[in-house]
Amino acid sequence: MEKIQKIKGFADLLPEQSRVFQRLEDTARAVFGRYGYREARVPILERTELFSRSIGEETDVVQKEMYTFPDRKGRMLTMRPEATAGMVRAYVENGLHAQEELSKLFTYGPMFRYERPQKGRMRQFHQLDVEAFGSPSPLLDAEMLFMLHHFLTELGITELTFELNSLGCPKCRPDYQNALNEYFKGFDSGQLCEDCLRRKLTNPLRVLDCKVPSCKELTRGAPKITDYLCPDCAEHFSTVKSLLDRGGLDYTLNPRLVRGLDYYVRTTFEITSGNIGAQTAVAGGGRYDGLVRTLGGPDLPGVGFACGMERLALLMADPGPSAPDFHIVAMGADALDAGLLLAQELRAAGFGGECALAHKSTKSQMRGADKSQARFCLILGEAELAAGTVVVKNMRDASQATVPLAGVIDLLRL
């Protein structure tokens, strides 16, 4: 019978890869918790309208990349391509805005986009996502960037570039879009790709996000949005930069940074690495002050970021499996039973390890104990069972002692 293989762009995360992901998740819980963020979990499947309204009809995500299908009642559903829209929906639907002035939340899990698979980019990928709702303060933007830097430092990831920009607000952005329209007016099909020819008419900011080399080159001379900021946006951006400067966080100003989603306003940022191939972004986000209202909630501000877990994993060293506390070698049927019961007692006391489950030679079982890299090898045979003892071998220094079964827990605690 023919083997069934995984779908292209989807990956199996076996124990070696899962170890790294677990470290990412554990570090996120620890670091984000210090800043007052609480974990939430939202559905993988949402109504398609949630993403088309929030991300933007003219974005590549909505136009080309979403996994969308009708359910049995004809309702259009989408596997989430990003987490922010779902987090905003949950925030509004569950009335968190009425329960607390500032909501700080994070989540993680799989996202889905139909893209060409390559290093650091899969069709099912995983993100850590952080959102804060309720405060327009630039101090919150700066705190979030400090937290992101703290998180990446805890992971041991270095040689990163923090890119920063401001996308203005609905008051000042129209003037900038007019300037872009004027700039792109002279470019035709021989210069811009087919997508950008459409974008320059519908949403010229999206042209700045194009990855086609010829389009990227043409946009180098485009007007800078930071030259069109209104006084409020300019002051907001100045405060963010001042706080980052005073806090010692190095960053690079990138006036072409617009991200790939329509909901961003004001502070926008991206963290990149030159060590993972073509897909350089490992994290990014920004402020989205109108998104809660767009999705049916009150007019409350928000700011957040997401980290690509596969890309972070490429930059992290494998922590390796944690060494078990014990490995039980048992000789004889009665010893096998006693070994299983001893293992259960040790696990209930907080220790981890394995025990023999089938008859094997002593030599074979000792090889297994060595391979496990356990701290202690516990040896049970007929003589030990008769005396109510167990041989405890320290696998680090090869010393060993015979101790009463009741004393094993105390010995392992040393």
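Things worth noting here:
- For GLY284: the one exception among (1) in a strand (DSSP E or B); (2) touching a residue at least 40 places away in the same chain (Cβ under 8 Å); (3) out of contact with any Cys (no Cβ under 6 Å at 6 or more places or on another chain): (2)
- Among residues of the range 86-105, those that are within 22 Å of the chain's Cα centre (by Cα) and open to solvent by 10 Å² or more (accessible area, probe 1.4 Å), counted: 4
- Selection within the range 49-71: residues that are in contact with a strand residue (DSSP E or B) (Cβ under 7 Å, 6 or more places away or on another chain) and in contact (Cβ under 8 Å) with a residue 24 or more places away in the chain. The member of this set that is surrounded by the fewest Cβ atoms within 10 Å (Cβ to Cβ) is TYR67.
- The one condition in (1) open to solvent by 50 Å² or more (accessible area, probe 1.4 Å); (2) out of contact with any Leu (no Cβ under 6 Å at 6 or more places or on another chain); (3) not β-branched (Val, Ile, Thr) that GLU46 fails to fulfil: (1)
- When the range 343-372 is filtered for residues that are in a helix (DSSP H, G or I), touching a residue at least 40 places away in the same chain (Cβ under 8 Å) and out of contact with any Cys (no Cβ under 7 Å at 6 or more places or on another chain), the ones remaining, listed by number, are GLU345, LEU346, GLY368, SER372.
- Flag for LEU155 being touching a residue at least 40 places away in the same chain (Cβ under 8 Å) and surrounded by 15 or more Cβ atoms within 10 Å (Cβ to Cβ): yes
- Residues in the range 69-85 that are modelled with pLDDT of 95 or more, outside any loop (DSSP other than H, G, I, E, B) and under 23 Å from the mean Cα position of the chain (by Cα): THR78, MET79.
- Qualifying residues in the range 284-305 (those that are surrounded by fewer than 24 Cβ atoms within 10 Å (Cβ to Cβ) and among the β-branched types (Val, Ile, Thr)) - the one nearest to VAL92 (Cα to Cα): VAL292
- When we screen GLU163, GLU217 for residues that are under 18 Å from ARG259 (Cβ atoms) and among the charged types (D, E, K, R), the only hit is GLU163.
- Subset of the range 304-338 (residues that are more than 29 Å from GLY350 (Cα to Cα), of a type outside the set (A, V, I, L, M) and either modelled with pLDDT of 95 or more or not in a helix (DSSP H, G or I) (or both)): GLY304, PHE305, CYS307, GLY308
- Residue check for GLU182: open to solvent by 70 Å² or more (accessible area, probe 1.4 Å) and closer than 30 Å to LEU24 by Cβ: no
- Some residue of the range 110-117 being open to solvent by 30 Å² or more (accessible area, probe 1.4 Å) and aromatic (Phe, Trp, Tyr): yes
- Looking only at the range 127-144, and only at residues there that are open to solvent by 30 Å² or more (accessible area, probe 1.4 Å) and of a type outside the set (A, V, I, L, M), the one that is nearest to ASP26 (Cα to Cα): GLU143
- Near pairs, Cβ below 8 angstrom, 6+ apart or cross-chain, from the range 210-226 (farther than 20 Å from SER166 by Cβ and free of Cβ contacts under 8 Å to residues at least 24 places away in the same chain) to any residue that is open to solvent by 50 Å² or more (accessible area, probe 1.4 Å) and part of a loop (DSSP other than H, G, I, E, B): SER214/GLN191
- Filtered residues of the range 230-283 (kept if surrounded by fewer than 15 Cβ atoms within 10 Å (Cβ to Cβ) and either touching a Lys or Arg at 6+ places or on another chain (Cβ under 6 Å) or closer than 15 Å to LEU160 by Cβ (or both)): GLY248, ASP250, THR252, GLY274, ASN275, GLY277
- One residue stands out in the range 158-172 among those that are open to solvent by less than 10 Å² (accessible area, probe 1.4 Å) and hydrophobic (A, V, I, L, M, F, W, C): the one that is farthest from PHE21 (Cα to Cα), namely CYS172.
- TYR108 vs. criteria among the hydroxyl-bearing types (Ser, Thr, Tyr), outside any helix (DSSP H, G or I) and in contact (Cβ under 8 Å) with a residue 40 or more places away in the chain: yes
The values are calculated or read from the model by the stated rules, or taken from the named source; none is laboratory data. Just so you know, these numbers come straight off a predicted model, no measurement behind them. Heads up, the Cβs are rebuilt from the backbone with ideal geometry, glycines too, and the neighbour counts pull from every protein chain shown. Side chains included, ligands, DNA and RNA excluded: accessible areas come from the protein's heavy atoms. Shrake-Rupley method; radii C 1.70, N 1.55, O 1.52, S 1.80 Å.
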